[in-house]
1. Going Cα to Cα from K125, which aspartates and glutamates come in below 13 Å? Please leave out same-chain ones fewer than 8 positions away.
2. Classify the stretch 35-125 as rounded, prolate or oblate from the Cα gyration tensor: take a ≥ b ≥ c as the square roots of its eigenvalues, call it rounded if a/c is under 1.5, otherwise prolate when a/b beats b/c and oblate if not.
Amino acid sequence: MFKRTLPAVFTIGLALCAFGAAEAAPAKKTKPKSCWDTAQTTYDMTMCGASEGKAADAELNRVYQRLMKDLTPEQKASLIAAERAWIAFRKADCAFVGSEDGSIASVDAATCWTDRTIERTKQLKDWPPNHGPDE
């Protein structure tokens with residue numbers, strides 16, 4: 001009698017082990033969406049902010065150069081002056097945002113830089129401000 005139940009118990013045990021192994025198999029690793037997904041230290045977060053800021057600056061420069069091609073000489077001079085003032089504003093504003101004491105201040109300053117740059121890029125993409133959908 002013991003010999004007959006042993007194979008059945010063994011088969012059930014094997015099935016449970018296989019099921020358990022399948023359940024316990026590690027999930028497929030997915031690539032992080034951004035460095036923020038893996039940042040654990042203030043330094044990591046600051047580097048993420050700086051990296052995003054650099055990418056945002058590159059996009060702003062592409063949009064700026066594209067816009068400059070479509071402007072009159074007077075508009076170009078006006079945009080150059082506006083950009084110089086905006087760059088000074090961004091620098092001062094983000095210095096203020098990051099002026100608190102503590103280790104997170106550098107992260108705040110870096111994310112400010114990115115946020116302000118993304119906002120400005122959108123403004124330049126939407127220029128002229130009164131253009132309609134058919135223009």
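Readers should treat all values here as calculations from the given coordinates under stated rules, not as data from a laboratory. On a predicted model such as this, the values are computed, not experimentally measured, just so you know.
1. E59, D70
2. On the way: a/c = 4.40, a/b = 1.98, b/c = 2.22.
Note, shape of the stretch 35-125 comes out oblate.
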